[in-house]
Amino acid sequence: MLRALLATDGRGTIATLNAALGGHPNTIRIQLEHLIGDGFVTPVSLPAPGRGRPARAYLVTIAGRQVAGEDPELEVYSALVEAVAEHLAGTDDPPGAAHSIGLTWGSGLFATRGDDLVSILAGQGFTPIPTRDGIALRTCPVLASARRHPDVVCGIHQGLIDAISPEPRLLLPFAATGACLIRPA
């Protein structure tokens, strides 16, 4: 569904999605509502050609593009993060160096954006979802590097969290299906 929406260049309506994917329009509506609820799609009104209610189109959000693997901005940053992770992995204390980088990153974000951990993480491409006992991170802006170097990349993310969160929290990498978890420490 996300890839079909990306192919429409911002003009993805239920009719165009139905033509591309087949199935029943009500099924497409239900899927779109789930994607909207998860923050992967946002609805927009198209200009009405005449009288009546304007048609609704659906745009894929940054998080949705990440999930669909179609965010072109990530390619540049992924290469940079991979180079940093490779470098840090060869140091005497990779987790400590990574944590220090995350603290610096988080301190800068905290200074400019405040201490709302969920909104800061969302702005950095993590798609955080508050849960009963913490926060689930549904996307990672550098997932491929995190899988190759979890001690380094996740260490940077732990430092980010430590710099922003007013209470101690622990990042649990890949702790749930399709998500990392942040829990009170």
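Each reported figure results from applying straightforward, stated rules to the coordinates on display, with no laboratory input. Model, not experiment: these values are computed from the prediction. Cβ sites come from the backbone with ideal geometry, for glycine too, and all protein chains shown count toward neighbours.
Remarks
- Charge tally in the Cβ shell below 12 Å around Leu137, where Lys, Arg are +1 and Asp, Glu are -1, Leu137 excluded: +3
- For the stretch 72-184, the dipole from Cβ point charges (+1 on Lys and Arg, -1 on Asp and Glu) about the Cα centre works out to 360 debye, to the nearest 20.
- The chain, relative contact order in percent, only Cα pairs under 8 angstrom and at least six apart counted: 18 percent
- Remark: Ser45, Ser78, Ser145 ranked as Ser45, Ser78, Ser145, counting other beta-carbon atoms within 10 Å and listing the fewest first.
- Between helix 150-164 and the chain: long-axis angle, C-alpha atoms, 0 to 90°, nearest 10: 90 degrees
- Available extension along the chain between Gln31 and Ala176 is 50.0 nm, counting 0.36 nm per residue and deducting the alpha carbon span.
- Degrees between helix 25-37 axis and first principal axis of the chain (Cα, 0 to 90, nearest 10): 30 degrees
- Charge dipole (the stretch 1-147, unit charges on Cβ, about Cα centre) - positive-most of Leu103, Ile14, Ala4: Ile14
- Förster radius 35 Å - calculated FRET efficiency between Leu21 and Ala79 (Cβ-Cβ, nearest 0.05): 0.60
- Per-peptide packing, taken as the mean over residues of other Cβ atoms within 10 Å, places 128-137, 25-34 in the sequence 128-137, 25-34 from highest down.
- Modelled FRET efficiency - R0 22 Å, Ala55 with Ile129, Cβ distances, 0.05 increments: 0.15
- With the simple model of a label 7 Å out from the Cα in the direction of the Cβ, Glu86 to Asp151 spans 1.9 nm.
- With the charge dipole of the chain set up from +1 on Lys and Arg Cβ and -1 on Asp and Glu Cβ about the Cα centre, the Cα lying farthest toward the positive end among the listed residues Val60, Ala122, Leu170 is that of Val60.
- For Arg56, distant residues with modelled amide H under 5 Å away: Leu46
- Sum of side-chain charges, Gln31 neighbourhood, beta-carbon under 15 Å (Lys, Arg +1; Asp, Glu -1): +1
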